[in-house]
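The following block contains the structure, expressed as structure tokens.
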Amino acid sequence: MNEPVITLNNRPYPFKEGLTISAIMTERKYDFPAIIVRINNKHIEEEDWQTTTVAADDNVEIIHVFGGG
Amino acid sequence: MSDNCSHKISKDDITRMKAAHKRLATYSFEPTTIERGYNNRSLYISIGGSFDASNQDKLTASVSGENCTVIGEKAVTPHMKDKFVGGKGFGLYHLWKAISEGTRWNSPENDIVISPGPLAGITQYPGAGKSLVCAISPLTGIPVDSNVGGFFGPFLKFAGFDALELQGKSDEEIIIFIDGNEHTVTIDTAPLEAVDSHILAEQLSEMYASTHEDKENISVISCGRASENSYIGCLNFSFWDKRRDCVRLKQAGRGGIGTVFRHKKIKAVVIRYRGLHGDLNNPSKKGLINAAGVRLHKEMAHLDTSQNNMRKIGTANIIEVMDRYDLLPTHNFQFGAHPETPKISSKVFIEKYVTQNLPDGCWYGCSMSCAKAADGFELRTGPYKGHKVCVDGPEYENAAGLGSNVGCFDPHWILEANFYCDTYGVDTISMATMTAFAEECYQRGLYNLNDTEGLDMRWGNGYTLNELMHQMVTGDGFGVIVGKGIRQQKRIFAERFGKVSPEYEHMLGGYVWNDIKEPVIDMPIPTSHFNKNLENCEFLQSTGYDDNKILGEIKGTILENAGANNDSAYIAKPTKPEKIEGIPTITREEIADWPVGKPYYSDDPDCSYTNSRPWVKMTPEQVAEMEEFGMENKGLEYSEYLMKESLAQQGGYALCNKGPQHDEAWLIFMDMVNNQIPTFEDKAEALHYFPMFRTWFGLLGLCKLPWNDVTPVNNKYEKEPAKIPEHVQNYFDIYEGVLGKRHTEVSMVRQSERVYTFQRIFILRMGSGQRKHDTPPSRSLGPITEGEYLSREERYDAQMKDIIGIDPCGKSTAEKVKIIMDYRWSQFKQLVDAVYKRRGWTPNGIPKLEKLIEIEMDLPELVAVIRPYLKEEGYWPQGEEYKKYE
Ligand code: SF4
């Protein structure tokens, strides 16, 4: 049987029980100050990242809003 | 600020300079009132003769002066405003009319056009003081556009003109002065003023201001001495910084427009305008502008500190972010991060160099205030060694380019190079990328110390970085080759720096200029390299080596041999040899067929350094090697973002009209990090929308930074947060506020598409602009060396397995590099297909006739350019409705 995954920014990403948004951020080394998080198109406020867990097959978007050059 | 006082000028100096002026022409113009952002006329100046290009617009009024100078006016017509809007649109429009297909950068008819847009000069909304400058570029041979802050653009508009054209070529150094209050334009010869911008702008602010306070009503365009011997000249636009009590400089950097300016022997264009106030654009609905301004000012006040810190350090805030995300170009774009980056992080510049708590806006009302500066900065090298100066910067591009990309992690050298780039008038981005290329060639052993006359071209020598520019000023030395840009470097290295084949060694008659055969990699220069040359050396006294660790190690030997004292240091400089008999002199045309490895003499009027020594052609393999990592496209050097892992940004660079500058599209995070545009169609859509949106800034006279370097609190709820929709609406509001017309995304994109497509056809007219010209160097697409691959092996192995479907196990690194690169080239090809299609172009990159009709740009002169290409490619449309275009 295939390992469970979530979709993170349009790519498969390994799922494990209790995986929080903050944990994903740490794993991915995402520490940019302007980041937007959406799970299944629903916005997650920054203060909830620590406690929000994802479920298998969730569509998670972690979007850096970065002006750049 | 008293610290920046090393070059203050006396009243006597000014009197002496003025006394040496000779008036060539005076022109008086009628005052106008700006109507909804437009004066409806532009100012035309030609020096040394007027140019009757067949389609040049006629002057509506003019005066002729001595030495064939002409000053006059041209009408800005409803057609121009409708199709070209202003700013870059007007620049390209005038340039198109002024030149012919055969015009080169140094042809007298090449036209420098400076135009603020209809919104330029607003003081209520941040970032509305930009001008766009256009000309035919020495680097690319095609039109280039470059945007710039400073006060000149808004002052030009308030003086009464929507654009300024500078055509012709003077025999003598001249200064053009536009008096926006007396309504006169004068042209004087100016033999005594300085050329370097930090001094000249001070001199002219002093000269043309009636009182000290009046200096804030002056703006000067100038370009320093290095632009005269390089192709990367930039234009400095000044503004008077009241708090610091000195001039500040903002650059129209890209494409070598400063080189064109100095070639015309223009020392400066000076403007004076007194009486600035917020409503000079005569806006239609002032309330809309004010309300948008208040919204953005509030965001700046509340959000900047927790977001980008623009007010503290400006664009340099992203140095460490780029490094963390593996995007900071390092060692000529080989890598995206470096362990020494913390030494040049924004924190270092904030704490040690950049003056805080000053309102650093480059135009009034810009609360983003990103134009930071380091005051009282003491220079270590060059003609201003020991002077304390104000350095405008560092901006991100300077820190990344003159820092990590050339391998320099010493903030002092970065700022010193930043200063010299500005005052000498060279583009920091090209300077950085072309130095990085030259360094890599050196590290690879493609040339050696003899070719540079002892200049150490290993990564990161801050002294060298500055010395290259000092050589561009004197017009002698290896720096002159570097300053011609990567495209010319490749040609010059290929023609001159090959190795003599054994079968031809006898022709040298014992001359040993090429005796150092080992490249010097990551070690101090062996003193033996210098000792070998000492017997046949003159010593070039130079300065600034004192605290250079590497050269310190060889200093003892050199000083001992040269009998010099410890206060100076020296570069070994091989004596130029007498001509060696038996080595033939051939013409430039004959070089192509000359055998590899066989010495010859030739000459290059554009770059005479090494003309007196024998040249040897490189092997075809060496030439191909340079093509892979020479980071230029269309002749312009890449700007300072690592694009290897973002296909969309690879396209953003290579498909940029003027060459690889990120001001059309910066999609790295959207693409690589967020993966928001996964399909080719998504990327093509982004490579349509963003270039159009950013073109629009260039049409209107707006700065990009306040658009997305602060984001409103509610942006997180937007469907397309990367577009910052709330700020886009602000722009539509201020557009309506000034021009009185409602604007939408559709009408905005339409305005930009017209000018963007026009520019592409203009490029085609100049002999470029087809698909082959959009081909990038391999390095921009991925790892081209085993070292690059191995440095990110896990990433590339995973891509090979998961994306390409090939198991990397058991493959050599060379095989893996080939697999990755073949795949990436195929991806790039598909991307180009998708983008051309989205833009309404053929697979060869030619705008289709149907597209011109759709955007109402089916102008006869444009159709005439595309017709033969479309017919040849089989894309000329059939049908009755197209008959009239035959
Ligand atoms: S954001 Fe910076 S560059 Fe743009 S207008 Fe303001 S000060 Fe000038």
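Looking at B:376, B:278, B:293, which one is more than 30 Å from residue B:673 (Cβ to Cβ), away from chain A (no Cβ under 14 Å) and at pLDDT below 95? Before the answer, list the steps.
Numbers: B:376 fails: at pLDDT below 95; B:293 fails: at pLDDT below 95.
Sole residue among the options that is more than 30 Å from residue B:673 (Cβ to Cβ), away from chain A (no Cβ under 14 Å) and at pLDDT below 95: B:278.
Within region A:20-38, track down each residue that is more than 14 Å from every other protein chain (Cβ to nearest Cβ) and touching a residue at least 24 places away in the same chain (Cβ under 8 Å).
A:20, A:22
Okay, residues lined up against (1) within 16 Å of the ligand (Cβ to nearest atom); (2) open to solvent by 10 Å² or more (accessible area, probe 1.4 Å); (3) part of a loop (DSSP other than H, G, I, E, B):
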| residue | (1), (2), (3) |
| --- | --- |
| B:678 | no, yes, yes |
| B:688 | no, no, no |
| B:697 | yes, no, no |
| B:711 | yes, yes, yes |
| B:716 | no, yes, no |
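Still on this model: Looking at region B:343-366, which of the residues that are of a type in the set (Val, Ile, Thr) and in contact (Cβ under 8 Å) with a residue 60 or more places away in the chain is nearest to the ligand (Cβ to nearest atom)?
B:355
Hey, can you tell me all the residues within region B:323-336 that are closer than 20 Å to residue B:637 by Cα and either more than 23 Å from the chain's Cα centre (by Cα) or within 14 Å of chain A (Cβ to nearest Cβ) (or both)?
B:327, B:328, B:329, B:336
How many residues are small (Gly, Ala, Ser), assigned to a strand (DSSP E or B) and open to solvent by less than 30 Å² (accessible area, probe 1.4 Å) when one looks only at region B:58-99?
1
Identify, by number, the condition in (1) within 30 Å of residue B:205 (Cα to Cα); (2) within 16 Å of the ligand (Cβ to nearest atom); (3) not polar (S, T, N, Q) that residue B:262 doesn't meet.
Of everything listed in (1) within 30 Å of residue B:205 (Cα to Cα); (2) within 16 Å of the ligand (Cβ to nearest atom); (3) not polar (S, T, N, Q), residue B:262 misses just condition (2).
Further question: Among the residues of region A:39-64, which ones are open to solvent by 20 Å² or more (accessible area, probe 1.4 Å) and either within 13 Å of chain B (Cβ to nearest Cβ) or at positive phi (or both)?
A:40, A:41, A:42, A:43, A:45, A:46, A:47, A:48, A:49, A:57, A:59, A:61
Next question. Quick one: would you say residue A:17 is more than 13 Å from chain B (Cβ to nearest Cβ), under 26 Å from residue B:802 (Cβ atoms) and at pLDDT 95 or above?
yes
Quick one: count up the residues across region B:202-250 that are assigned to a helix (DSSP H, G or I), closer than 19 Å to residue B:159 by Cβ and hydroxyl-bearing (Ser, Thr, Tyr).
Residues flagged as assigned to a helix (DSSP H, G or I), closer than 19 Å to residue B:159 by Cβ and hydroxyl-bearing (Ser, Thr, Tyr) within region B:202-250 amount to 2.
I've got another one for you. Of the residues B:133, B:148, B:144, which single one is in contact with a Phe, Trp or Tyr (Cβ under 6 Å, 6 or more places away or on another chain) and not aromatic (Phe, Trp, Tyr)?
B:148
Name the residues in region A:1-14 that are among the hydrophobic types (A, V, I, L, M, F, W, C), within 14 Å of chain B (Cβ to nearest Cβ) and more than 10 Å from the chain's Cα centre (by Cα), would you? Show your work before the answer.
Looking only at region A:1-14, we keep the residues that are among the hydrophobic types (A, V, I, L, M, F, W, C), and these are A:1, A:5-6, A:8.
From what's left, within 14 Å of chain B (Cβ to nearest Cβ): A:5-6, A:8.
Listed by number, the list holds a single entry, A:5.
So that you can scan it fast, the table gives a plain yes or no per residue for (1) open to solvent by 40 Å² or more (accessible area, probe 1.4 Å); (2) of a type outside the set (Ser, Thr, Tyr); (3) more than 14 Å from the chain's Cα centre (by Cα); (4) more than 14 Å from chain A (Cβ to nearest Cβ):
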| site | (1), (2), (3), (4) |
| --- | --- |
| B:607 | no, yes, yes, yes |
| B:610 | no, no, yes, yes |
| B:614 | no, yes, yes, yes |
| B:623 | yes, yes, yes, yes |
| B:629 | no, yes, yes, yes |
| B:633 | no, yes, no, yes |
| B:637 | no, yes, no, yes |
| B:646 | no, no, yes, no |
| B:658 | no, yes, no, yes |
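Tally the residues that are more than 23 Å from residue B:315 (Cβ to Cβ) and within 10 Å of chain A (Cβ to nearest Cβ), restricting the search to region B:677-715.
4
Counting residues that are in contact with a strand residue (DSSP E or B) (Cβ under 6 Å, 6 or more places away or on another chain) and over 27 Å from residue B:712 (Cβ atoms), which strands (runs of 3 or more DSSP E) fully inside region A:1-45 reach at least 2?
Once the strands (runs of 3 or more DSSP E) in region A:1-45 are filtered for at least 2 residues that are in contact with a strand residue (DSSP E or B) (Cβ under 6 Å, 6 or more places away or on another chain) and over 27 Å from residue B:712 (Cβ atoms), what remains is A:5-8, A:11-14.
Within 14 Å of chain A (Cβ to nearest Cβ), open to solvent by 30 Å² or more (accessible area, probe 1.4 Å) and either away from the ligand (no atom under 16 Å from the Cβ) or acidic (Asp, Glu) (or both): which single residue out of B:320, B:340 fits that description?
Answer to the check: B:320.
Take region B:367-394 and flag every residue that is within 12 Å of the ligand (Cβ to nearest atom) and crowded, with 24+ Cβ neighbours inside 10 Å.
B:368, B:370, B:371, B:372, B:373, B:392, B:393
To continue, here is another question. Taking the conditions exactly as written (open to solvent by 30 Å² or more (accessible area, probe 1.4 Å) and touching a residue at least 24 places away in the same chain (Cβ under 8 Å)), does residue B:299 satisfy them or not?
For residue B:299, the condition - open to solvent by 30 Å² or more (accessible area, probe 1.4 Å) and touching a residue at least 24 places away in the same chain (Cβ under 8 Å) - is not met.
Return only the number of the condition from (1) open to solvent by less than 20 Å² (accessible area, probe 1.4 Å); (2) within 16 Å of the ligand (Cβ to nearest atom); (3) within 30 Å of residue B:633 (Cβ to Cβ); (4) not in a loop (DSSP other than H, G, I, E, B) that residue B:734 does not satisfy.
The number of the failed condition is (3).
Kindly provide the set of residues from region B:81-130 that are in contact with a Phe, Trp or Tyr (Cβ under 6 Å, 6 or more places away or on another chain) and among the acidic types (Asp, Glu), ordered by number.
Of everything in region B:81-130, just one residue is in contact with a Phe, Trp or Tyr (Cβ under 6 Å, 6 or more places away or on another chain) and among the acidic types (Asp, Glu), namely B:109.
Only one of B:148, B:133, B:76, B:113 is more than 16 Å from the ligand (Cβ to nearest atom) and within 19 Å of the chain's Cα centre (by Cα); which?
Criteria check complete, one pass: B:113.
OK, next. Given the conditions (1) open to solvent by less than 60 Å² (accessible area, probe 1.4 Å); (2) within 13 Å of another protein chain (Cβ to nearest Cβ); (3) in a strand (DSSP E or B), and given that residue A:69 satisfies all but one, which numbered condition is not satisfied?
(3)
The values are calculated or read from the model by the stated rules, or taken from the named source; none is laboratory data. In this text the structure is predicted, and so the values were computed from the model without any measurement. For neighbour counting, all protein chains shown are included, and Cβ atoms are generated from backbone atoms with ideal geometry for every residue, glycine included. Note: areas computed on protein heavy atoms with side chains; ligands, DNA, RNA excluded. Shrake-Rupley method; radii C 1.70, N 1.55, O 1.52, S 1.80 Å.
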